[in-house]
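The values are calculated or read from the model by the stated rules, or taken from the named source; none is laboratory data. Treat the numbers as computed from the prediction; the structure is a model and nothing was measured. For neighbour counting, all protein chains shown are included, and Cβ atoms are generated from backbone atoms with ideal geometry for every residue, glycine included.
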Amino acid sequence: MISALFFFPLWRITIEAPQYPEAIGMYIWIDKITDMQPNDIKNINLMNHYVGMKDIPVHMPEFDLFPYVIGIMSLLGVVVGFIGKRKLFIAWFVVMAILGTMGMYDFYLWEYDYGHNLDSHAAIQFTDADGNPMAYQPPLIGNKMLLNFMARSWPATGAYFLFTGMLLAIVAFFVDKKEDNE
């Protein structure tokens, strides 16, 4: 199931605002970032430039590593399925959970850098109530208002395949446990 990440995006970030009645956004894959609609990333970069945000990267080092991690874990999942040992199902799940947690932490760090390390010479600079420069970090998961923009960050199709694959490992663990007890 997790090999579906080679064919479907893992994450989706959208931005809604009065000037964009139809949300603009991007899909994050295991090896790239793409537009939801043509020119969305270009438009996001143009808006973000005014407040000093960096451009959305075309390439990140993680994109070189993630396909190998997903490929290896997919292969291991198939091997574990054929071997059929309870402890291997749970071990595979734990490794996937650790890798997923590390991936989400890496994503958080990228978002933090993207939203906090702003160009001090930006054309428009906003401050919070205390006079500190405003940060524009998108939410890790969920919705967040940033000025007049609603930023939404949610799992995409690939993530649901990933979650399903992990859930099936847990189901296999308990099914195997039940068979051991009979």
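Structure summary
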read-out: Qualifying residue in segment 57-66 (condition: under 21 Å from Tyr108 (Cβ atoms), in contact with a helix residue (DSSP H, G or I) (Cβ under 9 Å, 6 or more places away or on another chain), of a type in the set (A, V, I, L, M) and in a helix (DSSP H, G or I)); value: no
read-out: Those residues of segment 30-85 which are more than 22 Å from the chain's Cα centre (by Cα), surrounded by 14 or more Cβ atoms within 10 Å (Cβ to Cβ) and more than 27 Å from Thr101 (Cβ to Cβ), in sequence order; value: His49, Val51, Gly52
read-out: Flag for Ile44 being assigned to a helix (DSSP H, G or I), modelled with pLDDT of 95 or more and out of contact with any helix residue (DSSP H, G or I) (no Cβ under 7 Å at 6 or more places or on another chain); value: no
read-out: So Ile98, is it more than 21 Å from the chain's Cα centre (by Cα) and either closer than 16 Å to Phe163 by Cα or modelled with pLDDT of 95 or more (or both); value: no
read-out: Condition broken by Tyr136, with the remaining ones in (1) more than 27 Å from Asn48 (Cα to Cα); (2) among the hydroxyl-bearing types (Ser, Thr, Tyr); (3) touching a helix residue (DSSP H, G or I) at 6+ places or on another chain (Cβ under 8 Å) satisfied; value: (1)
read-out: Residue among Tyr68, Tyr50, Tyr108 that is closer than 22 Å to Leu140 by Cβ and hydroxyl-bearing (Ser, Thr, Tyr); value: Tyr108
read-out: Scan of segment 86-105 for residues that are loosely packed, with under 14 Cβ neighbours inside 10 Å and of a type outside the set (A, V, I, L, M, F, W, C), ordered by number; value: Lys87, Thr101, Tyr105
read-out: Residue match in segment 114-122 (condition: touching a residue at least 40 places away in the same chain (Cβ under 8 Å), of a type in the set (Phe, Trp, Tyr) and touching a helix residue (DSSP H, G or I) at 6+ places or on another chain (Cβ under 8 Å)); value: no
read-out: Residues located in segment 137-156, provided they are without any contact (Cβ under 8 Å) to a residue 40 or more places away in the chain, part of a strand (DSSP E or B) and in contact with a strand residue (DSSP E or B) (Cβ under 7 Å, 6 or more places away or on another chain); value: Gly142, Asn143, Lys144
read-out: In segment 107-136, the residues that are of a type in the set (Asp, Glu) and not in a helix (DSSP H, G or I); value: Asp119, Asp128, Asp130
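Okay, residues lined up against (1) more than 21 Å from Gly158 (Cβ to Cβ); (2) out of contact with any Phe, Trp or Tyr (no Cβ under 9 Å at 6 or more places or on another chain); (3) free of Cβ contacts under 8 Å to residues at least 60 places away in the same chain; (4) of a type in the set (S, T, N, Q):
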position	(1), (2), (3), (4)
Tyr50	yes, yes, no, no
Met53	yes, no, no, no
Val69	no, yes, yes, no
Met104	no, yes, yes, no
